[in-house]
1. I'd like the full set of residues that are closer than 25 Å to residue 65 by Cβ and in contact with a His (Cβ under 9 Å, 6 or more places away or on another chain), limited to region 1-19.
2. Any chance you could count how many residues in region 35-79 are β-branched (Val, Ile, Thr) and open to solvent by 50 Å² or more (accessible area, probe 1.4 Å)?
3. Please work out if residue 90 is outside any helix (DSSP H, G or I), more than 18 Å from residue 17 (Cβ to Cβ), at pLDDT 60 or above and of a type outside the set (Phe, Trp, Tyr).
4. So in region 35-67, with the set limited to residues that are part of a loop (DSSP other than H, G, I, E, B) and among the charged types (D, E, K, R), which one is farthest from residue 88 (Cα to Cα)?
5. If you take the residues in region 1-16 that are in a loop (DSSP other than H, G, I, E, B) and open to solvent by 80 Å² or more (accessible area, probe 1.4 Å), which one is nearest to residue 72 (Cα to Cα)?
6. Can you work out which of the residues in region 55-73 that are of a type in the set (Asp, Glu) and over 12 Å from residue 35 (Cα atoms) is nearest to the chain's Cα centre (by Cα)?
7. Looking only at region 17-34, count how many residues are assigned to a strand (DSSP E or B) and either open to solvent by 80 Å² or more (accessible area, probe 1.4 Å) or closer than 26 Å to residue 87 by Cα (or both).
Amino acid sequence: LHAHLTEMFAALPDLTVTVESTAATATTATVRHRMSATFTGAPWAGTEPNGSELDIDGVFFVRLEDGYVIELDELFDSAVLSDQLGFRPGDRSTAAALKRGFGRLRSRIGRND
């Protein structure tokens, strides 16, 4: 984890994580957050910095015991992250076309979120 986070922070030197909302009990918490940054630092995952902007929503799921975090999971759309930072091959028009296609699919099945 340390190596992954070190590489991520080096690649995204202006990374900002903003808490959007929180719901908690004595033993659990769910934290909706937004991450934003610009890929201007060091290479990351074999990709050279390209100035791409990152703006993505995520959710932290936290389990607490005696006031300490004992488990932390994060959920976010890694495909969107890859598209925004230019990790996946192909140009952005392909990613935009895929996004439009999924939008049409969601509208057909009654989900617009």
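1. 17, 19
2. First, the residues of region 35-79 that are β-branched (Val, Ile, Thr): 38, 40, 47, 56, 59, 62, 69-70.
Next, only the ones that are open to solvent by 50 Å² or more (accessible area, probe 1.4 Å) stay: 40, 69-70.
Residues in region 35-79 being β-branched (Val, Ile, Thr) and open to solvent by 50 Å² or more (accessible area, probe 1.4 Å): 3 in total.
3. No; evaluated as a whole, the condition is false for this residue.
4. 66
5. 1
6. The selected residue is 73.
7. Applying the first criterion (assigned to a strand (DSSP E or B)) to region 17-34 yields 17-24, 28-34.
Restricting the remaining residues to those that are either open to solvent by 80 Å² or more (accessible area, probe 1.4 Å) or closer than 26 Å to residue 87 by Cα (or both) gives 17-20, 22, 32-34.
Result for region 17-34: 8.
The values are calculated or read from the model by the stated rules, or taken from the named source; none is laboratory data. These figures come from a predicted structure and were not determined experimentally. As a convention, Cβ positions derive from the backbone with ideal geometry for all residues, glycine included, and neighbour counts pool all protein chains shown. Areas reflect the complete protein model, heavy atoms only, side chains present, ligands, DNA and RNA absent. Shrake-Rupley method; radii C 1.70, N 1.55, O 1.52, S 1.80 Å.
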